[in-house]
Structure formats: structure tokens, C-alpha cells
Amino acid sequence: MAKEQRRRQLLETASEIVRTEGTEALTLGYLAERAGVTKPIAYEHFGTRAGLLIALYRDYDERQTLAMRAALEAKGRTLEDVAGIVSAAYIDCVLTAGPEFGAISAALSATEEMEDFRQSLRDSYVAEYRKAFARFVKLPRQEGEVLMEGILGASEALAQAAASGRTSREQAIAALSRIMLGALSAPDRP
């Protein structure tokens, strides 16, 4: 099997283990056994258990980012369209992740690799937001970074409110879109 196909097989098997048995059951040795490969193959792909958990998290995040980019390409004609697409993408990412995504995040929280990983995720979200809005809003670099960090904070808070049932998906998306439009359509903006 080609290396990328093997990696995909291992990630799918790991997701199944987390879904059915929880993160406690997920070790590289058990993954290798369930996937029908040797332990060195699992270690070659992920290095450590934390590396495997990060790969699972990143895999889900990359699929969600690709879906958002496709929606932006197909329907992102106005600033309002982009705010709605980006808002829905973030809220839906959290809502569709399922319990195993939360379990992966919780298992990673106990690792030193997680802090660096979380920051790299935040940086990539900020970059995606800047790119999505760049056609409509020109922001100086530092101001843009700070503004996108604020929007990301609102995204996280509203996604968690929707996930916990404190608000509906629709309300969270609408509120986040309004926050984005308010922040990006300020009177002093070109």
C-alpha cells in the first residue's frame, strides 16, 4: 500500500477506535494491531501517541477548511456572503465534529505538544479569515491580525454556546456574521 494510502487507513482506524472505545484505548501498538500492520509502521507515520492525536485533529480540521474554501469559491461574492460562509463553517465544524473530536482535544490537552499545536491552529484560522475577507476589506497587517484574533475568539465562544445547546446553530451563525460585518464594516474602513 502506498504511504499516503496507509496513513489514511491508519487515521480511519484510529478514528474508529476513538469512536467505539475512547481515546484511552488509542495507542500506536493497538492501532497497528487493529489496522493489521506492524508497530514500526504506526510509529513511522505518527512518532508518538500525541503525534497520532494531532494528526487526527489536523485531518478533521483540513477537511473542514477545504469545504469552507469550496463554499467561498462558489458563493463568496459579497462581504455578507463571506461572513455567512465563514461563520457557518466554523460553527458547523464544532457541531459536526462529534464526541470523538472533543475526546481527542481533551487527550491532547495533557501534552506539551498541544500548546504549540493550538497556536498553529489559531494562526491558520487567522490566515484563513484574512484571506477570505481580503477582497473586501484592506487592513494593515497588525490591525488585521488583532481584529481576526477577536473574530476567532467570538467564533470559538459562539460555537461552544451552540454545541452546549445554550443557543441554536442558526442564532450562533447569525450573531457571528453580525460581529464579523460590524468589525469589518466600521466607518473608518475603506
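The values are calculated or read from the model by the stated rules, or taken from the named source; none is laboratory data. In this text the structure is predicted, and so the values were computed from the model without any measurement. So basically every Cβ, Gly included, is an ideal-geometry build from the backbone, and we count neighbours across all protein chains shown. These accessible areas exclude ligands, DNA and RNA; they are computed on the full protein's heavy atoms, side chains included. Shrake-Rupley method; radii C 1.70, N 1.55, O 1.52, S 1.80 Å.
Check off (1) of a type outside the set (Asp, Glu); (2) open to solvent by 60 Å² or more (accessible area, probe 1.4 Å); (3) under 26 Å from Met1 (Cβ atoms) for Gln142 and give me the number that stays unchecked.
Here Gln142 meets the rest and fails (3).
Could you tell me whether any residue of the range 71-89 is touching a residue at least 12 places away in the same chain (Cβ under 8 Å), basic (Lys, Arg) and open to solvent by 70 Å² or more (accessible area, probe 1.4 Å)?
No, the conditions are met nowhere in the range 71-89.
List the number of the failed condition for Lys131; all other conditions in (1) more than 19 Å from Leu66 (Cβ to Cβ); (2) open to solvent by 70 Å² or more (accessible area, probe 1.4 Å) hold.
Failing condition for Lys131: (1).
If you check Ser120, Ser168, Ser185, which single one turns out to be out of contact with any Gly (no Cβ under 8 Å at 6 or more places or on another chain), surrounded by fewer than 17 Cβ atoms within 10 Å (Cβ to Cβ) and within 13 Å of Leu79 (Cβ to Cβ)?
Of the residues listed, the single one that is out of contact with any Gly (no Cβ under 8 Å at 6 or more places or on another chain), surrounded by fewer than 17 Cβ atoms within 10 Å (Cβ to Cβ) and within 13 Å of Leu79 (Cβ to Cβ) is Ser185.
Return a yes/no flag: does the range 91-104 have any residue that is at pLDDT 90 or above and surrounded by 15 or more Cβ atoms within 10 Å (Cβ to Cβ).
Taking every residue of the range 91-104 in turn, at least one turns out to be at pLDDT 90 or above and surrounded by 15 or more Cβ atoms within 10 Å (Cβ to Cβ).
Sort out which residues of the range 11-33 are over 14 Å from Tyr57 (Cβ atoms), open to solvent by less than 60 Å² (accessible area, probe 1.4 Å) and touching a residue at least 40 places away in the same chain (Cβ under 8 Å), and write them in order of number.
Gly22
Could you give me the residue pairs with C-beta distances under 9 Å whose first residue belongs to the range 120-138 and is in contact (Cβ under 8 Å) with a residue 60 or more places away in the chain and among the hydroxyl-bearing types (Ser, Thr, Tyr), whose second residue is assigned to a loop (DSSP other than H, G, I, E, B) and open to solvent by 50 Å² or more (accessible area, probe 1.4 Å) wherever it lies, and which are 6+ apart or on separate chains?
none
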